[in-house]
Amino acid sequence: MIELFFWLAAAFIVFTYTGYPVSLWFLQLLCDKKVKKARWAEWLTVTVVIAAKNEESNIRKRVINLMEQDYPKDRFEIVVVSDGSTDDTVGILRDIEIELESSPIAFKAIIKQKSSGKPSALNTGVMAAKGTILVFADARQMFSVTAIRELVSNFFDQKIGCVSGELEFVEDASPNLNVEMGAYWKYEKMIRKMESKSGSVVGATGAIYAIRKKIYKKLPTEILLDDVLTPLNVISQRFRVIFDESAKAYDSVSANVESEWRRKIRTLAGNWQLLSEKGLLKNAIKNRFIYRLFWHKFARLLVPYSLIILLISSMLAEGLIYQICAGLQLVFYLLAFFTHFFPLLKRLAVTKLCYFFCVLNVAAVVGFWVWFTGRSGDAWKPSRTPRD
């Protein structure tokens, strides 16, 4: 029985990180669903929706970045919802409204005196939007000049309901963290590209994604991951969600490791929260995206517990192979432990990999606890500045 637990845990971990990507690779070969991406003579109307809270250091340059988009100005609208901001965000938005009164780009600032959360702010922004395509963006990240044009051109294909762009990380004050996050994002991007080619991506890049307004579903007020739930709602309506790496947003990894840790905890708690979302699993089974949803989003949440089972069973089982596996695992965890206390070890690729893998799995456990104790619905926090 102990040996059975060992092999089941090992198989689960291996399939989560390698088996699922391999299965997607075969799927994209067997079923390469190309997108009929085209340019319109008359472009669709677009509304960019931004939920902002205490973004005085970001909001003006964000609006300027959007105004510089290579997209017909008379078919373009920007809606910013200030969700209970207590800094000068509201004043800056009012100034921008006055400055853009004669601009061909429509700009609308919606001021909510009391914070009701990001989902509620997005719902408010969508209700005010006039565009047939909604583009969701954060206040911090910047778009490439052709980002919106690249996103919208995918909607020429009537099967496309949602398009996720690509987030690229630029250099910041913490090169070690940049490398770690960069490697993780490359792995994630590979999976999203294969999911996209073979059908649909189960999630979008929160900093840059677009959806047909007519299929948008109102977000629950407590949801943490709007960029996962909204694409899943699109798939449940039998539209495709694709990943387009030509539509780019840019961000920097904070030098503040604690800030990145909190962000990761919030994301993982949000994944657990999705399990309790009414009708989600039922729709996943009905519309046949349960396989992708489980192995991409939920399986990784269970890996920490599989790692514990793997370690204990290998220590208890008899046989040389189990003893070797137990020894290798202990060495792996010791390397991660010492790397935490001696950051210079991060210069080594092996120790850096051990450390980052362990941090992600510890975060998954903490994320579960945050969700289980009912703290996942806490009020959303504003985005940090690049030098937070």
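Since every read-out is calculated from the coordinates, none of them should be taken as a lab result. These figures come from a predicted structure and were not determined experimentally. Cβ sites come from the backbone with ideal geometry, for glycine too, and all protein chains shown count toward neighbours.
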**Message:** Suppose the Debye formula is applied to equal point scatterers at every Cα of the range 56-195; what is log10 I(q)/I(0) at q = 0.14 Å⁻¹?
**Reply:** -0.82
**Request:** At a Cα cut-off below 29 Å, give the lysines reachable from LYS34, other chains included and same-chain residues fewer than 8 away excluded.
**Result:** LYS159, LYS186, LYS189, LYS193, LYS197, LYS213, LYS214, LYS217, LYS248, LYS282, LYS286, LYS297
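Would you kindly give the portion of the calculated P(r) for the chain that falls above 38 Å, as a percent of all Cα pairs?
Working: 16478 of 75078 pairs.
Considering the chain, 22 percent of its Cα-Cα pairs are separated by more than 38 Å.
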**Prompt:** Net charge near GLY199, counting Lys/Arg +1 and Asp/Glu -1 over other residues with Cβ under 11 Å of its Cβ?
**Reply:** +4
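When ranked by the protection proxy of mean other Cβ atoms within 10 Å per residue, highest first, what sequence do the peptides 356-363, 107-114 form?
Put in order of decreasing packing, that is 356-363, 107-114.
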**Asked** How would you rank MET1, MET190, going from fewest to most other Cβ atoms within 10 Å of each one's own Cβ?
**Response** MET1, MET190
**Computed over the chain: relative contact order in percent, which uses C-alpha pairs under 8 Å that are six or more apart** = 21 percent
**Fill in**
Quick calc: nm separation of the 7 Å Cα→Cβ label points for GLN323 and LEU275 -> 3.8 nm
**Cα-projected label distance for ARG238 with ARG263, points at 7 Å along beta-carbon direction, nm** = 3.9 nm
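So how do 286-292, 309-315 stack up, highest first, on mean other-Cβ count within 10 Å?
Working: 286-292: 15.6, 309-315: 19.4.
Averaged packing, sorted descending, gives the order 309-315, 286-292.
Pulled fully out, how much extra length does the chain show between TYR17 and PHE337, if you take 0.36 nm times their separation in residues and subtract their Cα-Cα distance? Spell out each step's value before the answer.
Values: separation 320, 0.36 × 320 = 115.20 nm, distance 2.23 nm.
The span from TYR17 to PHE337 would gain 113.0 nm if fully extended.
Treat the count of other C-beta atoms within 10 Å as a stand-in for reagent exposure and order TRP295, TRP43, TRP261, TRP371 from fewest to most.
Numbers: TRP295 20, TRP43 17, TRP261 14, TRP371 23.
In order of increasing Cβ crowding within 10 Å: TRP261, TRP43, TRP295, TRP371.
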**Request:** Have a look at ALA207, ALA284, ALA247 and tell me which one the Gaussian network model of the chain (Cα, springs below 10 Å) gives the largest fluctuation.
**Result:** ALA284
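Test of understanding: what is the full-extension gain from PHE156 to LYS217, defined as 0.36 nm times their sequence separation minus their Cα-Cα distance?
Contour length minus Cα-Cα distance gives 19.8 nm.
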**Item:** Residue of SER246, SER85, SER276 that the Gaussian network model of the chain assigns the largest fluctuation, springs spanning Cα pairs under 10 Å
**Value:** SER276
**Request:** Identify which of LEU229, LEU307, LEU151 has the largest mean-square fluctuation in a Gaussian network model of the chain, with springs joining Cα atoms closer than 10 Å.
**Result:** LEU307
**Item:** Ellipticity estimate at 222 nm from DSSP helix runs (n ≥ 4, -39,500 (n - 2.57)) divided over the chain, nearest 500
**Value:** -16000 deg cm²/dmol
**Item:** Bridge type composition, the chain - antiparallel percent by DSSP, nearest 5
**Value:** 25 percent
**Item:** Simple spin-label estimate for LYS130 and GLU68 in nanometres, 7 Å along Cα-Cβ
**Value:** 2.6 nm
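State the percent of C-alpha pairs, over all pairs in the range 40-101, separated by a distance greater than 20 angstrom.
Numbers: 538 of 1891 pairs.
Distances greater than 20 Å cover 28 percent of the Cα pairs.
Assuming 0.36 nm per residue, please report the length gained on full extension of the stretch LEU100 to ILE285 beyond their Cα-Cα distance. Spell out each step's value before the answer.
On the way: separation 185, 0.36 × 185 = 66.60 nm, distance 4.74 nm.
This chain segment gains 61.9 nm when fully extended.
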